[in-house]
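> Here it is, the structure in full.
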Amino acid sequence: MKTYVDVIILNSKEGKIKPLAILWHNGIKYSIDKISQITRAASTISGGTGIRYTCTIQGQSRYLYHEEDRWFIEKKEY
Amino acid sequence: MERIILHCDLNNFYASVECLHHPEYRNVPLAVGGDVEKRHGIILAKNQLAKKYEIKTGEALWQALQKCPDLLIVKPNFSLYLRFSRLVKTIYQDYTDQIESFGIDECWLDVTHTLHLFKMTPKELADTIRQRIKEEVGITASIGVSFNKVFAKLGSDYRKPDATTVITRENMEQIVYPLPVSDLLYVGRATKEKLYTLGIRTIGDCARFDVQILKRRLGKWGEYLWRFASGEDTSPVLVRGYEPQVKSIGNSTTAPKDLKNLDDVRIIAYILAESVAARLKEAHLMAFTIAIGVRDVELKGFTRQIKMDEATQLSDTIAEAALDLFAKHVDFELPLRSIGIKASDLIVERNLEQINLFEDPFLKQKKMNLEVTIEKIRERYGFQAVQRCLMLQDTLLSGFNPKQDHVIFPESYFKG
């Protein structure tokens, strides 16, 4: 299932958006250490489409999607 | 210079979007269908699995369920489809400014003058676009590449989903000519029958036929069809944002229950007339001709029209003209399923007007002020905020707003 998450973003004076941290459902805040790629992409696993940020969080790579005005994390593929 | 035209068709568009958004739907036969209770109960789109059960677009939901009892039917979410349509068009915009939409899920792209920028063959460009749609938007498209719009469209239909078909002057006889003539744009049931009596069954038959005889039998359409069939279609791909001049404004609806008499028709007719009048005023247009269209429960229908002495944009006048037509031409032997009202012969509204000697010009101005005021109230407080007393006679019939409910309109090929 697709799960939307709370995200802390930096909206720069140039108008750009950069996600800084994810607030997970259990209340834990996960900082985004690095963003390695930003591209428009569809998520066939979670079901949705938007701007995809490839984020490094605690040494692990995760896809964070900005869909219209909400954010979701693509769950790990098993 | 030979043109290079792409026709991009998003495969099973509504169903694909639903399947993308609901991964759990992907392995079940699924169809997007209208609302059964409101009787818009037909299949609008289906996925590949549903196709195996020979479920067809346009058939009634109950027919589809007979073929496949496990069919999952979801209600359409038009704003979502419009968003996807927009996303795909932004991809097209990277390749050309000549993008002409044909409905929500089809587009023609003319890349004749931009292809050299990408250092690709037409087929490679089409494949790139397909790949990008798949990766960035998450749905598949089939693309036809050819030297005219009609063949490009046939190409996108030729192999799907997710495929590119190139039709050139060299291979058109192998690919296009064997196709049934009904695959051509504008060949419906009636034209198909006429062509059959001439012995024309395939597109090739039509292309090889004497154009003069076709013209004599089918009028100017005969020549159009011959041009379509033989690859001589020269209609241009319009530049994005081109708005064709409006020739008519109309609304129609399928009633939630069958219309058995003029009283039932009256309720719907007033709502439709109000919508048409409001849209005329928005576009600053007035109409000389009012037409009605009806369709009975056996889905047979006809249209009738009347030309008036004065152009109008008043809902009362439009409704009265339409109701006259209904009274004159509809016998209610069979109840009606859907009706429509259309205003045409449009002129731009002006402040000056020839006054009729036998009518009170102030009364007309008063009516106009009233209607404008009502429309303002509705804009602010909703469609139901002010309505005619008549609407309360049957709230089932009157409970819709055509002006707002319709977001996706059908399109015509001839826009010039």
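> Here are A:45, A:22, A:8, A:73: which of them is more than 29 Å from residue B:139 (Cβ to Cβ) and β-branched (Val, Ile, Thr)?
Numbers: A:45 fails: more than 29 Å from residue B:139 (Cβ to Cβ); A:22 fails: more than 29 Å from residue B:139 (Cβ to Cβ); A:73 fails: more than 29 Å from residue B:139 (Cβ to Cβ).
Only one candidate qualifies: A:8.
> Considering only residues that are assigned to a strand (DSSP E or B) and in contact (Cβ under 8 Å) with a residue 12 or more places away in the chain, which ones fall in segment A:1-28? Give the derivation first.
Pass one, segment A:1-28, residues assigned to a strand (DSSP E or B): A:3-4, A:6-11, A:17-23.
Correct list: A:3, A:4, A:6, A:7, A:8, A:17, A:18, A:19, A:20, A:21, A:22, A:23.
> Restricting attention to segment B:204-226, which residues are modelled with pLDDT of 85 or more, outside any helix (DSSP H, G or I) and farther than 19 Å from residue B:172 by Cβ?
Within segment B:204-226, just B:210 meets the criteria.
> Taking the conditions exactly as written (closer than 28 Å to residue A:47 by Cα, hydroxyl-bearing (Ser, Thr, Tyr) and in contact (Cβ under 8 Å) with a residue 60 or more places away in the chain), does residue B:81 satisfy them or not?
Numbers: closer than 28 Å to residue A:47 by Cα: yes; hydroxyl-bearing (Ser, Thr, Tyr): yes; in contact (Cβ under 8 Å) with a residue 60 or more places away in the chain: yes.
For residue B:81, the condition - closer than 28 Å to residue A:47 by Cα, hydroxyl-bearing (Ser, Thr, Tyr) and in contact (Cβ under 8 Å) with a residue 60 or more places away in the chain - is met.
> Hey, any hits in segment A:16-29 for a residue that's modelled with pLDDT of 90 or more and within 14 Å of chain B (Cβ to nearest Cβ)?
No, the conditions are met nowhere in segment A:16-29.
> Of the residues B:302, B:288, which is of a type in the set (Phe, Trp, Tyr) and surrounded by fewer than 16 Cβ atoms within 10 Å (Cβ to Cβ)? Walk me through how you get there before you give the answer.
Numbers: B:288 fails: surrounded by fewer than 16 Cβ atoms within 10 Å (Cβ to Cβ).
Going through B:302, B:288 in turn, the sole match is B:302.
> Any idea which of B:15, B:31, B:45 is within 14 Å of another protein chain (Cβ to nearest Cβ), of a type in the set (Gly, Ala, Ser), under 30 Å from residue B:257 (Cα atoms) and within 21 Å of the chain's Cα centre (by Cα)? Even if it seems obvious, please write down each step before you answer.
Details: B:31 fails: within 14 Å of another protein chain (Cβ to nearest Cβ); B:45 fails: within 14 Å of another protein chain (Cβ to nearest Cβ).
Result of the check over B:15, B:31, B:45: B:15.
> Could you look through segment B:342-364, keep only residues that are assigned to a loop (DSSP other than H, G, I, E, B) and surrounded by 10 or more Cβ atoms within 10 Å (Cβ to Cβ), and pick out the one that is modelled with the highest pLDDT?
B:360
> Need the failing condition index for residue B:25 against (1) hydroxyl-bearing (Ser, Thr, Tyr); (2) within 14 Å of chain A (Cβ to nearest Cβ); (3) in contact (Cβ under 8 Å) with a residue 60 or more places away in the chain, just the number.
Going through (1) hydroxyl-bearing (Ser, Thr, Tyr); (2) within 14 Å of chain A (Cβ to nearest Cβ); (3) in contact (Cβ under 8 Å) with a residue 60 or more places away in the chain one by one, residue B:25 breaks only (3).
> Under the condition of being in contact with a Lys or Arg (Cβ under 8 Å, 6 or more places away or on another chain) and of a type in the set (Gly, Ala, Ser), which residue from segment B:123-162 is surrounded by the fewest Cβ atoms within 10 Å (Cβ to Cβ)?
B:142
> Also, quick follow-up: Can you say whether residue B:74 is out of contact with any Lys or Arg (no Cβ under 8 Å at 6 or more places or on another chain) and touching a residue at least 12 places away in the same chain (Cβ under 8 Å), as far as the supplied structure shows? Quick ask: steps written out before the conclusion?
Details: out of contact with any Lys or Arg (no Cβ under 8 Å at 6 or more places or on another chain): yes; touching a residue at least 12 places away in the same chain (Cβ under 8 Å): yes.
Yes: the conditions hold for residue B:74.
> Considering every residue within segment B:94-115, establish whether at least one is free of Cβ contacts under 8 Å to residues at least 60 places away in the same chain and within 14 Å of another protein chain (Cβ to nearest Cβ). Steps first, please.
Residues of segment B:94-115 that are free of Cβ contacts under 8 Å to residues at least 60 places away in the same chain, as a first pass: B:94-96, B:113-114.
In the following step, the residues that additionally are within 14 Å of another protein chain (Cβ to nearest Cβ) were identified as B:94.
Scanning segment B:94-115 turns up at least one residue that is free of Cβ contacts under 8 Å to residues at least 60 places away in the same chain and within 14 Å of another protein chain (Cβ to nearest Cβ).
> Of the numbered conditions (1) closer than 20 Å to residue B:19 by Cα; (2) part of a loop (DSSP other than H, G, I, E, B), residue A:40 fails exactly one; give the number of that condition.
(2) is the only condition that residue A:40 fails.
> Consider only pairs whose beta carbons are under 8 Å apart and that are at least six residues apart or on different chains; among these, list those whose first residue lies in segment B:118-141 and is within 13 Å of chain A (Cβ to nearest Cβ) and within 16 Å of residue B:83 (Cα to Cα) and whose second residue is aliphatic (A, V, I, L, M) and in a loop (DSSP other than H, G, I, E, B).
Taking only residues 6 or more apart or on different chains, the pairs are B:133/B:139.
> Which one of these does residue A:52 not meet: (1) within 14 Å of chain B (Cβ to nearest Cβ); (2) more than 19 Å from residue B:134 (Cα to Cα)?
(2)
> Can we say residue B:25 is modelled with pLDDT under 90 and among the aromatic types (Phe, Trp, Tyr)? It would help to see each step written out before you state the result.
Details: modelled with pLDDT under 90: yes; among the aromatic types (Phe, Trp, Tyr): yes.
Taking the combined requirement at face value, the residue satisfies it.
> For residue B:268, are the conditions met, namely being buried (at least 17 other Cβ atoms within 10 Å of the Cβ), touching a helix residue (DSSP H, G or I) at 6+ places or on another chain (Cβ under 7 Å) and in the same structural domain as residue B:383 (by TED's automatic domain parsing)?
On the way: buried (at least 17 other Cβ atoms within 10 Å of the Cβ): yes; touching a helix residue (DSSP H, G or I) at 6+ places or on another chain (Cβ under 7 Å): yes; in the same structural domain as residue B:383 (by TED's automatic domain parsing): yes.
Yes; evaluated as a whole, the condition is true for this residue.
> Continuing with the same structure: With respect to residue A:40, determine if the residue is without any contact (Cβ under 8 Å) to a residue 40 or more places away in the chain and within 14 Å of chain B (Cβ to nearest Cβ). First the steps, then the outcome.
Details: without any contact (Cβ under 8 Å) to a residue 40 or more places away in the chain: yes; within 14 Å of chain B (Cβ to nearest Cβ): yes.
Spelling it out, residue A:40 is indeed without any contact (Cβ under 8 Å) to a residue 40 or more places away in the chain and within 14 Å of chain B (Cβ to nearest Cβ).
> Now for a separate question. Would you please name the residue that is surrounded by the most Cβ atoms within 10 Å (Cβ to Cβ), looking only at residues in segment A:19-41 that are closer than 30 Å to residue B:129 by Cβ and not polar (S, T, N, Q)?
Among those residues, the one meeting the criterion is A:41.
> Would you confirm whether or not segment B:185-200 contains a residue that is in contact with a strand residue (DSSP E or B) (Cβ under 9 Å, 6 or more places away or on another chain), assigned to a helix (DSSP H, G or I) and more than 14 Å from chain A (Cβ to nearest Cβ)?
yes
> Go through segment B:253-288 and give me each residue that's assigned to a helix (DSSP H, G or I) and of a type in the set (Lys, Arg).
B:266, B:279, B:281, listed by residue number.
> Residue check: is residue B:2 loosely packed, with under 15 Cβ neighbours inside 10 Å, closer than 25 Å to residue B:151 by Cα, away from chain A (no Cβ under 14 Å) and modelled with pLDDT of 85 or more? Full working, then the answer.
Details: loosely packed, with under 15 Cβ neighbours inside 10 Å: yes; closer than 25 Å to residue B:151 by Cα: yes; away from chain A (no Cβ under 14 Å): yes; modelled with pLDDT of 85 or more: yes.
Yes.
> Residues of segment B:157-168 being away from chain A (no Cβ under 14 Å) and over 19 Å from residue B:94 (Cβ atoms), which ones? Spell out how you get there, then give the answer.
First, the residues of segment B:157-168 that are away from chain A (no Cβ under 14 Å): B:157-161, B:163-168.
Scanning segment B:157-168 gives B:157, B:158, B:159, B:160, B:161, B:163, B:165, B:166, B:167, B:168.
The values are calculated or read from the model by the stated rules, or taken from the named source; none is laboratory data. Since the model is a prediction, treat every value here as computed from it, not as a measurement. Every residue, glycine as well, gets a Cβ built from its backbone with ideal geometry; the counts of neighbours run over all protein chains shown.
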